[in-house]
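Please read the structure below before turning to the comments.
The values are calculated or read from the model by the stated rules, or taken from the named source; none is laboratory data. Computed from a predicted structure; not experimentally measured. Because the Cβ atoms are built from the backbone with ideal geometry, glycine has one as well, and the counts that use them run over all protein chains shown. Calculation scope for accessible area: heavy atoms of the full protein, side chains included, ligands and nucleic acids excluded. Shrake-Rupley method; radii C 1.70, N 1.55, O 1.52, S 1.80 Å.
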Amino acid sequence: MNLKKSFIVFIVIIFSFFFTFSCAHSRPPKPGPNFQWIKLVRTPSGNIIPGHWIYQGPVKPGKTWIPTHLNNSGNVVPGHWKNIKPLKKKNAWIPGHHGPRGRWIPGHWK
């Protein structure tokens, strides 16, 4: 009888372990049309950026999509729209990107 109780306790512990530590993660809702889901990204420096949405649509005048990235403190900054105002007519906006060593370079005017 004692062996049967031990077996039942063992089964309950195993099932509770699997139900509390799920590997499934749900993605956040799509922010709008023309967005594409990007799975987990590992930067050249080894940092991990969780899955996120990126904008793949037409250019929106006066706005740019800043993709999910790690700031200088190593915190994840979710993707967002940023209003931009050109400094001069011939300037071009360079979107934020990862440099050759994996460090995030914020968007800037060139």
- Quick one: accessible area per residue over segment 21-74, 1.4 Å probe, rounded to a whole number of Å²? 71 Å²
- When the chain is fully extended, how far beyond the present Cα-Cα distance does I54 get from F7, taking 0.36 nm per residue of separation? 12.0 nm
- Give, in nm to one decimal, the length gained when the segment between H97 and K110 is fully stretched (0.36 nm per residue of separation minus the Cα-Cα distance). 3.3 nm
- Query: Taking H as built 1.01 Å from N, whose amide H comes closer than 5 Å to the amide H of I84, not counting residues under 5 places away?
  - Reply: K63, T64
- Item | Accessible area of L3 in the full protein assembly, 1.4 Å probe (Å², nearest 10) | 140 Å²
- Message: Can you list residues from other chains, or at least 5 along the same chain, whose modelled amide H is less than 5 Å from the amide H of L70?
- Response: V77
- Kindly write out, for segment 26-34 in residue order, the coupling ³J(HN,Hα) from the Karplus curve 6.51 cos²θ - 1.76 cosθ + 1.60 (θ = phi - 60°), rounded to whole Hz, with x marking Gly and Pro. 8, 7, x, x, 5, x, x, x, 6
- Message: Using each residue's phi in segment 71-78, evaluate 6.51 cos²θ - 1.76 cosθ + 1.60 at θ = phi - 60° and report the 3J(HN,Hα) Karplus result to the nearest Hz, with x for Gly and Pro.
- Response: 7, 5, 7, x, 8, 6, 9, x
- The set of residues whose placed amide H lies less than 5 Å from the amide H of I105, leaving out same-chain residues fewer than 5 positions away, is H97, H98, G99
- Near K90, which lysines are there with a Cα under 21 Å away, not counting those fewer than 8 places off in the same chain? K60, K63, K82, K110
- Item | V41-N83 FRET efficiency (beta carbon distance; Förster radius 22 Å; 0.05 resolution) | 0.30
- Note on the structure: Along segment 35-50, Karplus-curve 3J(HN,Hα) (6.51, -1.76, 1.60; θ = phi - 60°) to the nearest Hz, with x for Gly and Pro, reads 10, 10, 7, 10, 5, 3, 10, 10, 6, x, 7, x, 6, 10, 10, x
